[in-house]
1. Residue pairs, Cβ under 9 Å, 6 or more apart or interchain, first in the stretch 12-27 and of a type in the set (D, E, K, R), second assigned to a helix (DSSP H, G or I) and modelled with pLDDT of 90 or more. List them.
2. Can you name the condition, by its number, that Asp3 falls short on among (1) modelled with pLDDT under 95; (2) within 12 Å of the chain's Cα centre (by Cα)?
3. Looking at the stretch 49-73, which of its residues are within 17 Å of Asp22 (Cα to Cα) and modelled with pLDDT under 95?
Amino acid sequence: MSDQQAQKQAAAKAALSYIEDDMILGVGTGSTVNCLIELLPTVKLAGAVASSQVTEDKLRALGIEIVDLNFAGTLDLYRWGR
């Protein structure tokens, strides 16, 4: 694993500490966010709003319910990436 990838995984683990059970999470795109998405099954989310179809597909593949932004109300947390 490259140092850059290790840093991205460390950032994802740090971001995970802000995510609580039953949240509706806004999830962006990017390689660091992809690391976070891999960790999300450790949290029981109420759902997630995806910023892209690629992100939505990854979340669905993990069994995370997708919530339409128009009906989500206020997001508990939004994580974007690069």
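1. Listed pairs, sorted by first residue: Lys13/Cys35; Lys13/Leu36; Lys13/Leu39.
2. (2)
3. First, pick out the residues of the stretch 49-73 that are within 17 Å of Asp22 (Cα to Cα): 49-50, 59-60, 62-69, 71-73.
Within the stretch 49-73, Val49, Ala50, Val67, Asp68, Leu69, Phe71, Ala72, Gly73 qualify.
The values are calculated or read from the model by the stated rules, or taken from the named source; none is laboratory data. Please read all numbers here as calculations on a predicted model, not as lab measurements. Note that we place each Cβ from the backbone using ideal geometry, even for glycine, and neighbour counts take in every protein chain shown.
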